[in-house]
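The values are calculated or read from the model by the stated rules, or taken from the named source; none is laboratory data. Fair warning: this is a prediction, and the values are worked out from it, not measured in the lab. With ideal geometry, Cβ positions are generated from the backbone for all residues, glycine too; neighbour counts draw on all protein chains shown. Remember, those area values only see protein heavy atoms, side chains included, never the ligands or the DNA or RNA. Shrake-Rupley method; radii C 1.70, N 1.55, O 1.52, S 1.80 Å.
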Amino acid sequence: MSAVPVPVPPHRWLIPVLVVVLSLVVGGGLLAREVYRAPEVRLDTVLGLPASSARPLGEQPGPGTVELTPDAAQHPQHDVVERLLQTYFDAINTRDYDQWKVTVTRDRIQAKPRPAWLNDYKTTKDGSILVYRIDAVAEADMRVLLGFTSTQDASDAPDELPGASCVHWRLSLPLTKESGNWKVDTVAGYAPPEVDAC
C-alpha cells in the first residue's frame with residue numbers, strides 16, 4: 001500500500017513569495033534612491049572661481065548683475081534671494097548706506113554704522129556676482145553660497161589680501177527673516193570667506 005501525497009495548501013507558499021517580492025521592491029527602491037539622489041554639497045565646499053576670473057584686469061570686476069546657477073535657480077526662494085542680493089550689491093556700488101540698511105539685519109547695522117561702512121566701501125566696486133547654491137537651514141534661515149569680484153584702491157584692500165586692488169571672493173552668506181522680510185545677517189561665526197587676488 002503506497003502513501004498518498006498530502007496536497008500542499010496554496011497559501012503555504014504565499015508567505016515566502018511575498019518575502020521575496022518585498023525584498024526586491026525594497027532593494028530596487030534603495031538602489032534607485034542612490035542612483036537619482038542629488039549630490040550633497042557641504043557649506044564649506046571649495047567653490048570654483050566665478051566667470052570673472054577669465055576677465056582681463058582692466059575689465060574687472062565685471063557686471064554688477066546678480067546671476068544664479070541652475071542649481072540655485074531651482075530653490076523656491078530664488079527670486080527673493082536674487083532681488084535681495086541685487087539691492088545689497090547695488091547699495092555698495094552706489095555708496096547708498098540707507099539702501100544697504102534695508103537689506104541687512106539690525107545686528108549687521110549695529111556692527112557697521114554709517115561712518116565705518118562709508119569708509120570700508122569708499123572705493124569698492126563689486127561685480128560678476130554668482131549665486132552657486134541656496135540652502136534652507138531652518139524656516140527663517142538660509143545660507144547662500146556665492147562668488148563675486150571686488151575692485152578697490154590698493155590702500156583699501158581687505159585684511160585677507162593687503163595691497164590687492166582686485167579680489168575674487170567666495171563665501172557662505174547667511175540670510176535670516178526679520179520682521180517678515182529676508183535680510184543679510186552678520187557673518188561672524190561662519191566659515192571665513194575664500195579670497196584670491198585677480
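Values as computed for the structure displayed
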read-out	value
Hey, Leu161 closer than 25 Å to Glu59 by Cβ, part of a loop (DSSP other than H, G, I, E, B) and either without any contact (Cβ under 8 Å) to a residue 40 or more places away in the chain or of a type in the set (D, E, K, R) (or both) or not	yes
Residues of the stretch 127-153 classified as on the phi > 0 side of the Ramachandran plot and out of contact with any strand residue (DSSP E or B) (no Cβ under 8 Å at 6 or more places or on another chain), total	0
Filter result for Tyr132 (part of a helix (DSSP H, G or I), of a type in the set (Ser, Thr, Tyr) and under 17 Å from the mean Cα position of the chain (by Cα))	no
Scope the stretch 128-156; condition over 20 Å from Gln86 (Cβ atoms) and of a type in the set (Gly, Ala, Ser); matching residues	Ala136, Ala138, Ala140, Ala154, Ser155
Subset of the stretch 119-135 that is open to solvent by less than 20 Å² (accessible area, probe 1.4 Å) and touching a Ser or Thr at 6+ places or on another chain (Cβ under 8 Å) - its residue that is nearest to His75 (Cα to Cα)	Val131
Positions within the stretch 85-118 being touching a Phe, Trp or Tyr at 6+ places or on another chain (Cβ under 8 Å) and open to solvent by 10 Å² or more (accessible area, probe 1.4 Å), in sequence order	Tyr88, Arg95, Tyr97, Arg114, Leu118
Odd one out for Ala140, checked against (1) in contact with an Asp or Glu (Cβ under 6 Å, 6 or more places away or on another chain); (2) open to solvent by less than 50 Å² (accessible area, probe 1.4 Å); (3) farther than 17 Å from Gly64 by Cβ	(1)
